[in-house]
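Report on the structure given below.
Throughout, read-outs are computed from the coordinates displayed, never taken from laboratory work. These numbers come from a predicted model, not from an experiment. Cβ coordinates were reconstructed from backbone atoms using ideal geometry, including for glycine residues, and neighbour counts include every protein chain displayed.
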Amino acid sequence: MVLSYIFTFLSTLVSIYTIMCFLRIIFTWIPSLSYSKAARFLAAVCDPYLNFFRRIRWLTIGNLDFSPALALCILGAGTSIFGSLARGRVFSFSRILIMIVEALWSIGQSLLTFLILTLAIRLIILLVTESRNKRNSASYSYDFNSYNRQSSGSYILEALDRSLSPIVYTIAGTFTRGTQPSFKKALIISVCTLIAAEILLIPILNLLIGAIALIPF
């Protein structure tokens, strides 16, 4: 009974800390709130934890920083584990492994889905712009290095493209070796490749979890 209360307390504590970290991330997006008392308090409490993940280089691709997502997912997994322990669940070695695999997949799938949605939205904007320019009989080039940014959108799109270009050209480059695809073509290839990868990984994950479940301890 005592352990149940302890794990319930820990689960609640981690949940509160997760909310605080989420608010800290939101405050960094709003300059007017960055120097408020609440923001300074959240920075003091949350930044040591969040900064640990910012040091992981592969979580930053271009200007896209996925470290906050990983930090929040790990806190969510901790809340789930403590909650299960509070309910009196007994964890075997195989069960712990399964939870680790599921937590890692949850993190990976969240990042992958976010990336797919970002690329898909950028592709839609690009296609809509192309259609509009064709109706206006305006010439438009989609090469990332040369297309007319003044007609294609705002500074936000330019910054987004610079963040996405290393990703999309790396993925597209595996299928177009020796040639430099246009930015639009690279986006299409990347979206299709990532969707296919996510679909294929699901049965592989299920097989892995099934194999781990066979461990008798």
* To do: Sticking with the crude label model, points 7 Å out along Cα→Cβ, report the distance from THR176 to SER80 in nm, one decimal please.
  => 3.7 nm
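If we count other beta carbons within 10 Å of each Cβ, what is the order of TRP105, TRP58, fewest first?
Details: TRP105 17, TRP58 7.
Ordered by Cβ neighbours within 10 Å, fewest first: TRP58, TRP105.
Output the relative contact order of the stretch 1-90, whole-number percent, from Cα pairs under 8 angstrom with separation of 6+ residues. Please list the in-between numbers first.
Values: 71 pairs, mean separation 42.3, N = 90.
Once normalised by length, the contact order is 47 percent.
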* Structure fact -> Placing one equal point scatterer on each C-alpha of the stretch 1-90 and summing with Debye, one gets log10 I(q)/I(0) at q = 0.25 Å⁻¹ equal to -1.16
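Rg/Rh for the chain to two decimals, with Rh computed the Kirkwood way over all alpha-carbon pairs. Numbers along the way, then the final one.
Details: Rg = 22.1 Å, Rh = 20.6 Å.
Using Cα coordinates only, the ratio equals 1.07.
Given the -39500 (n - 2.57) contribution per DSSP H run of 4+ residues, what per-residue ellipticity at 222 nm results for the chain, rounded to the nearest 500 deg cm²/dmol?
-26000 deg cm²/dmol
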* Multiply the residue separation of ALA44 and ILE212 by 0.36 nm, subtract the distance between their alpha-carbon atoms, and state the gained length in nm to one decimal. => 56.4 nm
* **Cα-based Rg / Dmax (Å) for the stretch 166-217** => 16.7, 53
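Helix by helix, which DSSP H runs in the chain go 30 Å or more along their axis at the Cα atoms and have an average Kyte-Doolittle hydropathy of 1.0 or more?
On the way: long enough: 2-28 (39 Å, 1.83); 93-135 (63 Å, 1.19); 183-213 (44 Å, 2.03).
Those that clear 30 Å and a mean of 1.0 are 2-28, 93-135, 183-213.
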* Asked: Simple spin-label model, 7 Å along Cα-to-Cβ: ILE202 to SER163 in nm?
  -> 2.7 nm
* Asked: What lysines could a cross-link reach from LYS134, if we take a straight Cα to Cα line under 30 Å and drop same-chain neighbours fewer than 8 places away?
  -> LYS184, LYS185
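Tell me the trypsin sites (Lys or Arg not before Pro) within the stretch 22-128 that lie in a loop according to DSSP and have at most 15 other beta-carbon atoms within 10 Å. Spell out each step's value before the answer.
Values: sites: ARG24, LYS37, ARG40, ARG54, ARG55, ARG57, ARG87, ARG89, ARG95, ARG122; in loops: ARG55, ARG87, ARG89.
Filter output for the stretch 22-128: ARG55, ARG87, ARG89.
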